[in-house]
Each structure stands twice: as structure tokens, then as C-alpha cells.
Amino acid sequence: MKASTVAKQKNNRLRKRYPLLWWGGLIEPVTAEQVEEKRRFHIAKQAESEERWVKFHADVLRRAHEYMTIVIEAVDEDWRTLQPMFDQLRKYPAAPVYASTFWWRKLLEYAPAEAPRLCPNKQFHEAWGALSAHRQCPTCKVALNYVPKPTPPRQLIIEGIL
Ligand SMILES: [Zn+2]
């Protein structure tokens with residue numbers, strides 16, 4: 001639909017809904033340029049979102065392939081072990097995130113020594129290590145070196161308050 005037609009429809013709607021404000025001049029009429037600008041903005045947003053989607057799924061697929069390769073190496077290309085895995089994976093939806101998660105779980109099962117190097121949450125290991133709540137990474141199960149802070153003696157705490 002042409003931008004001028006859309007602007008006209010919008011103005012008609014505004015005039016019908018708010019007649020007093022419209023005829024009192026308190027509502028600015030919508031122009032065709034404003035409609036065009038809004039359309040360009042939405043098209044740009046859409047393109048940006050599609051780009052992010054493609055990039056994310058490419059990354060997820062790359063990781064799924066990496067994990068799968070490691071699992072196949074870990075089981076020494078034994079097809080009696082691999083065939084049930086592929087049969088199981090076929091039951092999941094075709095979206096790449098399912099394959100990535102599936103192969104990550106198999107990697108934790110068959111090659112846990114490789115997990116800390118490939119952990120998707122590797123950048124948080126240090127920060128989580130500082131928290132007492134995380135003794136190990138919830139994703140790759142590697143032990144995080146948590147060092148409890150020495151608590152000052154009770155006497156010193158009371159002196160600090162006073
Ligand atoms: Zn981790």
C-alpha cells in the first residue's frame with residue numbers, strides 16, 4: 001500500500017476517534033514521509049534480526065559438529081555405540097540447537113576431559129569460582145577453584161560498626 005494512502009487512513013482514524021482534539025488542532029496529522037520513515041526503520045530492524053538469526057544458527061551448527069567429531073573420536077568410531085545415538089537424535093526436532101545440546105551431553109558422557117576447553121560458559125568460570133554457590137561449572141562440570149574469604153574476628157566487626 002502506498003505511504004500516502006496509509007497516512008490518509010491513519011488521519012481519518014484519528015479524526016473519527018478524537019474529533020475535538022483533531023479539529024482543535026491538538027493532533028498533528030500523519031504525513032507520508034513519517035509512514036515511509038517508519039517502514040524503513042522496520043525493514044532495517046527485520047534485516048538485522050535475520051542476520052543475527054543466521055549468525056547464531058551457524059555458530060550453533062559449528063559447535064554441534066565439533067562436539068560430534070569429538071564424541072565419534074572418543075568412542076573410537078564404534079558404530080554399535082554411535083548408531084543408537086543417531087537414532088535418538090533423529091527423534092528431536094531438526095533445529096540446530098537440539099543437535100548442539102544433544103552432542104554436548106554425549107561429550108560430557110564420553111569425553112568429559114574435553115568439556116572444560118569447549119565449555120560455552122568458559123568466560124564465566126572465573127566469576128563463578130568466586131561465588132560459594134558454584135563449586136563446579138553447571139555446564140561442563142569442571143571444578144572451580146573457590147577460595148573462601150577469611151572472615152574477620154567477631155571483635156573487629158563490632159569495632160567497625162561503632
Ligand atoms: Zn564450564
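Quick notes
- Pairs are defined by a Cβ separation below 6 Å, a sequence spacing of at least 6 or placement on different chains, a first member in region 61-81 that is closer than 16 Å to Y98 by Cβ and in contact (Cβ under 8 Å) with a residue 12 or more places away in the chain, and a second member that is surrounded by 14 or more Cβ atoms within 10 Å (Cβ to Cβ) and polar (S, T, N, Q); the pairs so defined are R63/S100; A64/S100.
- Given (1) in a helix (DSSP H, G or I); (2) within 12 Å of the ligand (Cβ to nearest atom), number of the condition T139 does not satisfy: (1)
- Residue that is farthest from the ligand (Cβ to nearest atom), among those in region 106-129 that are surrounded by 13 or more Cβ atoms within 10 Å (Cβ to Cβ) and in a loop (DSSP other than H, G, I, E, B): A111
- D76, sole failed condition from (1) modelled with pLDDT under 95; (2) more than 20 Å from P138 (Cα to Cα); (3) part of a helix (DSSP H, G or I): (3)
- Region 25-58: number of residues that are of a type in the set (A, V, I, L, M) and either touching a helix residue (DSSP H, G or I) at 6+ places or on another chain (Cβ under 6 Å) or not in a helix (DSSP H, G or I) (or both): 5
- Candidates are the residues of region 142-155 that are within 12 Å of the ligand (Cβ to nearest atom) and assigned to a loop (DSSP other than H, G, I, E, B); the one that is nearest to L89 (Cα to Cα) is V142.
The values are calculated or read from the model by the stated rules, or taken from the named source; none is laboratory data. These numbers come from a predicted model, not from an experiment. FYI the Cβ positions are ideal-geometry reconstructions off the backbone, even for glycines, and counts take in every protein chain you see.
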